[in-house]
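> Sending over a structure as structure tokens; questions will come in a sec.
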Amino acid sequence: MPNGELRLVACRAGEYIAKKIFREFGDKRMLFDGEPAGKLLLDQYEFKEFEDGENKQHKFARSLRGDDVYIIQSGAKDTCLGTSVDDNFMELCRMIDGVKHSSPAR
């Protein structure tokens, strides 16, 4: 049984697939080990890009404390965003660090 709500956090390159996942499961009751686990929530966060090209994710819209968090990110080059595989990987690493410091259950 999950400790808290199921939360879905999408990095910029993973937004497309995260929205598809959310549309598929967001309105349905999720099952965890055969028991209802509540609704899946798609979380928002503030993203800041500096003039030199560096970026920073900070400040989730809601607290993640005690919730079960899944992070979605694409590993491919994103031509729409203009990001490389390395950019996407570093964004994922920073997102993992941010989520880890927000005290989720899992």
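> Considering only region 91-106, state which residues are open to solvent by 50 Å² or more (accessible area, probe 1.4 Å) and among the aliphatic types (A, V, I, L, M).
ILE96
> Shifting gears a bit: Please go through region 71-84 and give me each residue that is in contact with a strand residue (DSSP E or B) (Cβ under 9 Å, 6 or more places away or on another chain) and loosely packed, with under 15 Cβ neighbours inside 10 Å, ordered by number.
Of everything in region 71-84, those that are in contact with a strand residue (DSSP E or B) (Cβ under 9 Å, 6 or more places away or on another chain) and loosely packed, with under 15 Cβ neighbours inside 10 Å turn out to be LYS77, SER84.
> In addition: Restricting to region 45-60, what's the tally of residues that are open to solvent by less than 80 Å² (accessible area, probe 1.4 Å) and either closer than 29 Å to ALA105 by Cα or of a type in the set (Lys, Arg) (or both)?
Looking only at that region, the number is 6.
> Please go through region 60-96 and pick out each residue that is acidic (Asp, Glu) and closer than 28 Å to GLY4 by Cα.
Within region 60-96, ASP67, ASP68, GLU91 qualify.
> For region 1-97, which strands (runs of 3 or more DSSP E) that fit wholly inside it have 1 or more residues that are touching a helix residue (DSSP H, G or I) at 6+ places or on another chain (Cβ under 7 Å) and at pLDDT 85 or above? Walk me through it before giving the result.
Numbers: elements: 6-10, 40-43, 45-49, 55-60, 68-72.
Strands (runs of 3 or more DSSP E) meeting the threshold: 6-10, 68-72.
The values are calculated or read from the model by the stated rules, or taken from the named source; none is laboratory data. As the structure is a prediction and not an experimental result, all values here were calculated from the model. Note that we place each Cβ from the backbone using ideal geometry, even for glycine, and neighbour counts take in every protein chain shown. Protein only, heavy atoms only, side chains kept; ligands, DNA and RNA dropped before computing areas. Shrake-Rupley method; radii C 1.70, N 1.55, O 1.52, S 1.80 Å.
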